[in-house]
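Scroll down for the structure; my scribbles are underneath it.
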Amino acid sequence: MRVRDLAVFLVKTTTVLLSVAVFFIVFRVRKDTPLIAVAEKEQALFWLMPCLTFFVLLWFCMAREKRVRWTVADLLACVLLAYVVFRSGSRTEYAWAVPVALGCLYLNLRIVFSLSRGVVPVLVLALLSTGIAEAVTGLMQLYGMTSSNHSLFGMTGSFFNPGPYSNYLAVIVPVAFYYVLTLRAVPAVLSASKGRARFVRLSNPDTLIYYASWLFLLLALVVLPATRGRIAWLAVLGSGLVAVCRETPAPAYIRKFYRRRKFLFATIGSAVLVLVVVSLVGLYRYKKDSAGGRWLIWNVSAQLIRENPAFGVGTGCFAGAYGNAQEASFVSGAMTEDQVRVAGAPDYAFNDFLQIAVETGAAGALLFLSVVVLSFRGLARRRDGLLYGLTSLMIVSLASYPLNLLPFCILLVFFIAAAQDDGRSGRRFPAVVSVALLSGAFAWSCCAVSGAEKRYRALQDWKLLQGAYQLQDYRFVAGEYEELYPELCDEPRFLFEYGHALNKSERYFLSDWALRRGARFSGDPMFWNVMGNNSKARGDVVAAERYYQKAYRRLPNRLYPLYLLAKLYFETGQDDKAREMADRVLSFDPKVPSTAVREMKGEIRRLQNRELSETDSSVSSEMYGK
C-alpha cells in the first residue's frame, strides 16, 4: 500500500512539475532571429507534450475516482480545433501541428484539474513567477545589465519587441490584483512565533500566491509605464475595474453616494468622463500614425470578412488576403491620402477577433466566441482570479496580436481549461473515453516531435545559407533552398529569397512559382516586383508592366515599383510613358527618406537626361540634314 501511495505521489508531482514547465516556455529564447526563437518555443512545447500526456495518463489510471465531466465548452473547443486544422491554408503538416499540440495541452489540463483542483493554485503561482521573472528581466534590460532582443528598443523581456512584452505583463496584473484583494488572512503569518508554524504557513499555496502577487504588482508598476504600451495600460485598467466592481463593496458605496449626493455625483461623473475622453484622445495622438495604421487594417479586414463571410480565407492566409483587399481598396479610390501614407503589409490584423473572422469566417469566429463566453461564465461562477486574466487577455486581443504568439495561447488554454470543471456541470463519460483520448494524444505528440525537429533544423540551415544569399551566390543558394522547401514552404520570407535566387539564376518560371506561393502568405509587394523582373527578362513587357503596377497598387507609398516601371519604359523605348513615369518618380514624396530613394531618383534623372540628349541630337541631325 505504501509503495502504491509513493508511486501515486511521484506521478502527481512529476505531472505538476511538467505542467509548470509549460508556462516557462516563454523564456526559451535566444538572441537570434524571431523565427528561430518562435520555433524554439514550439519545439519545447512538442517535447513537453508526450512527457506530460504520459504522466497524466498514469495518474488517471492510478486514481481511485475518475470523475471527469465533459462540458459543452469542451465539445466546442474540440470542434474549433478540427475546424482550424481543416481550414489551414498551408499544406505542411507543421502548420496545424501547433494548434493540435495546444489541444493536447488543453486535454491534459482538463483531466488534471478534474483529478485535483489543488493543481490550479500551483499553476497560478507558476504564472505569477513568470511575470516576476519577466519584470526583473525588463528592469535589467532597462538599466543596461543585459541587452534586449531588439536593437531599436531597450526593454523587451523575453519577447522581441515591447508590445507583446507589455501585453504579457498586463494579462498577469489583474490576476495578482485579485489575490491581493481577496487573500486577507495571509498576513497573519508575520505574527507566527514558532519557526515550524511559520514554515507551515509559508508552504501554503495561498500564502505564496499572496506575496508573489504583491511582488509582481510592485515590479509591474515600475515596468509597465516604461514599455509605453497603450493597449496594455487599457487592459490593466479595464480588468482592474471589473475586479474592483466584483470583489469589493465599491459599487454599493457608489450607489449609496449617488442617492445622497446626486448633484456632486453628477459633477464628479462628468469630470471623470471628461478625463477619460481626454486620456483616450491623448493616447491616440501619442502615436497617431500607429493608430491610423491599425484603423486602416481593421477597415480592410472588415472588407475581407464581407467578401468571405462563411468560412474565411484559410488559417494562416491573412497577410496574403489582406494585400489583395488593400490593393482593391486603393484601386477603387476609397482610400484617403492619410491612409495611403500609413498603409503597410501587416502580418496580423492587430485585432485577434477580426483575424479569426477573416481566416475562419463566421463559423470559426462563432465557435471561438462561444468557448470564450462559456469560459467567462465558468470562471465567474467559481469566483476565480483567472477571470480577470482572461478579461485582460481579451482586451489586449482587441488591438494587438497575442493569440498569434505561443505564450499567450498557452495562457488562453490554461484559462479555458480552468473554467470548465466545477464538479457539477457537464456529463460524465466512462473512464475508457478519457484513456482513449490521452492515448491518442500521447501517440500523436510522440510523432510530432520528429516533425518539430525537422523544421527547427531547416530554419537553422536557412539561417546559415542566408550568408551565401547576402554574398549573392544565387545558384548555390537556389539549389540548397530547394532541399529546404518541403519544410519551409509556408514561410514567406524564405519563399521570397528562394524566388529571388531563382530569378538571379535565370530560372524564371520556377521563380514565379515560388513567389506566387509566397504571395499567399504575405502582402509584401516585393513578390510582385520580382515576378515583374522575371517577365521582363523573358521579354514579356506587358506582363512585367502588369506586375509592377500591381505591386504599386498594393502600397502606393512605395517608390520602387514606379522606379521599375520607369526603367522598363526607358529600356523598351516607350518614350511618352517613360517621361510621365520619370516625372512621377522624381516628384514622389517618400514615407521614409533614405539613401535608396535618392539613388533611385538619381538613376531615373540620368536616364531622363540621356533620353533628352538623344532626342536633342536626333533633332539637330534632322535640322542639319535639311
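Here, each number is a calculation from the coordinates, and none is a lab measurement. What you see is a predicted model; the values in this text were computed from it and never measured. Cβ sites come from the backbone with ideal geometry, for glycine too, and all protein chains shown count toward neighbours.
Laid out as a table, the results:
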{"quantity": "Exposure proxy order (Cβ contacts within 10 Å, fewest to most) of VAL122, VAL277", "calculated": "VAL277, VAL122"}
{"quantity": "24 Å Cα-Cα reach of LYS550 towards lysines, excluding residues that sit fewer than 8 places from it in its own chain", "calculated": "LYS504, LYS536, LYS567, LYS577, LYS591, LYS601"}
{"quantity": "The chain: C-alpha pair distances exceeding 49 Å, %", "calculated": "23"}
{"quantity": "Selection from TYR178, ASN609, TRP298, by position along the positive dipole direction of the chain (Cβ)", "calculated": "TYR178"}
{"quantity": "Order of LEU403, LEU241 under a 10 Å beta carbon neighbour criterion, fewest first", "calculated": "LEU241, LEU403"}
{"quantity": "Separation of alpha-carbon centers, the stretch 212-277 and the stretch 324-400, rounded to whole Å", "calculated": "25"}
{"quantity": "Between helix 431-470 and the chain: long-axis angle, C-alpha atoms, 0 to 90°, nearest 10", "calculated": "40"}
{"quantity": "In degrees, nearest ten, helix 406-420 long axis to first principal axis of the chain (Cα)", "calculated": "40"}
{"quantity": "Neighbour-count ranking [beta-carbon atoms within 10 angstrom, fewest first] of SER239, SER88, SER301", "calculated": "SER88, SER301, SER239"}
{"quantity": "The stretch 1-87: GluC sites (Glu not before Pro) falling in loop per DSSP and having at most 12 other Cβ within 10 Å", "calculated": "GLU65"}
{"quantity": "The stretch 1-55-the stretch 434-473 distance, computed between alpha-carbon centres (Å)", "calculated": "18"}
{"quantity": "Positive dipole terminus of the stretch 31-89, leading residue within VAL79, ALA63, THR33 (C-beta point charges)", "calculated": "ALA63"}
{"quantity": "Amide proton proximity set for GLU491, modelled H, under 5 Å, gap of 5+", "calculated": "none"}
{"quantity": "Bins of 10 Å from zero: percent of alpha-carbon pairs in the stretch 356-449", "calculated": "14, 35, 36, 15, 0"}
{"quantity": "Degrees separating the helix 2-23 axis from the principal Cα axis of the chain, which is the longest one", "calculated": "30"}
